[in-house]
Amino acid sequence: MTSTSAQIARSTESYCDTVRRLSSAQKTAGRGAPAYSVYVNRRVGRYLAAGAFRLGLTPNNVTAVSAGFTFCAIGLLAIGEPSWWLGLIVWLLLAIGYAFDSADGQVARLRGGGSPSGEWLDHVVDSIKISTLHLAVLITMFTHFPLSNSIWLLVPIGFAVVAAVSFFAMILNDLLKAKHAPTAPLSTAPRSALRSFLGLPTDYGILCLAFVLLGAPLAFFGLYSLLFVANALYLALALGKWFRDMTALGRAEVARP
């Protein structure tokens, strides 16, 4: 869809028509995509994307809105005193930011496709988010949590490392596949609902939800630590699989005439 076509669509179709059109053009979720991202965040993002499209916002505008909500939450987490109301606000801001993060790509599809600069901006904002969120947890733990031993501060540090490595590895996987196997067919394996629900502990949306417990520091830290362990185990298993995938990719490229 060209920019002119997009303007015509905004003026002739209703909000509900835009939602339906976006739903029919929805990008297929990964086979093991976590359940919150698939069943909740993507759907909320669809409604936000339809509204943003009808307001004439660009994908980069939507990315900026996402960043605004997300970094407000991270800032409040770092400087605020843990309480139930702060936890609810942090969760709500993070969740809204995450939904707009899903919406920017959907707005791009409504407008006829994204751009390299838009994809770059989206990934840069995500990379800042996934690291600074855990550093904000580190700050609030150091400042306010009744820790029996400072060794527990290694948990958010470790979580930041796991999140950064996971994000970088997934981006690198896509780049290498596009470079070395650009004509390879997309996987047609059906998405597994069981696998999606088993992956919930690795879902960013569940991490956001954990901040609701911020008013009970020990309960929050217990859940946060369990999520860290789950994400670290997932990454350890995934790295092995991804390395085997890249090895197979190299062999296929060598064998190609």
> In the chain, what is the count of Lys pairs whose alpha carbons are under 23 Å apart, counting only pairs at least 8 residues apart or on separate chains?
Replying inline: 4
>> Need the full-extension length gain, residue 178 to residue 219, defined as separation in residues times 0.36 nm minus the C-alpha distance. One decimal, nm.
In response: 10.5 nm
> Per 10 Å bin, what percent of the C-alpha pairs of region 16-255 does each bin hold, from zero upward?
Replying inline: 7, 28, 35, 22, 7, 1
>> Given a 1.4 angstrom probe, I'd like the percentage of the accessible area of the chain that is carbon and sulfur, rounded to a whole number.
In response: 69 percent
>> Per residue, how much accessible surface does the chain expose to a 1.4 Å probe? Answer in Å², no decimals.
In response: 55 Å²
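The values are calculated or read from the model by the stated rules, or taken from the named source; none is laboratory data. Source: prediction; values computed, not measured. These area figures cover heavy atoms from the full protein model, side chains too; ligands, DNA and RNA do not enter into them. Shrake-Rupley method; radii C 1.70, N 1.55, O 1.52, S 1.80 Å.
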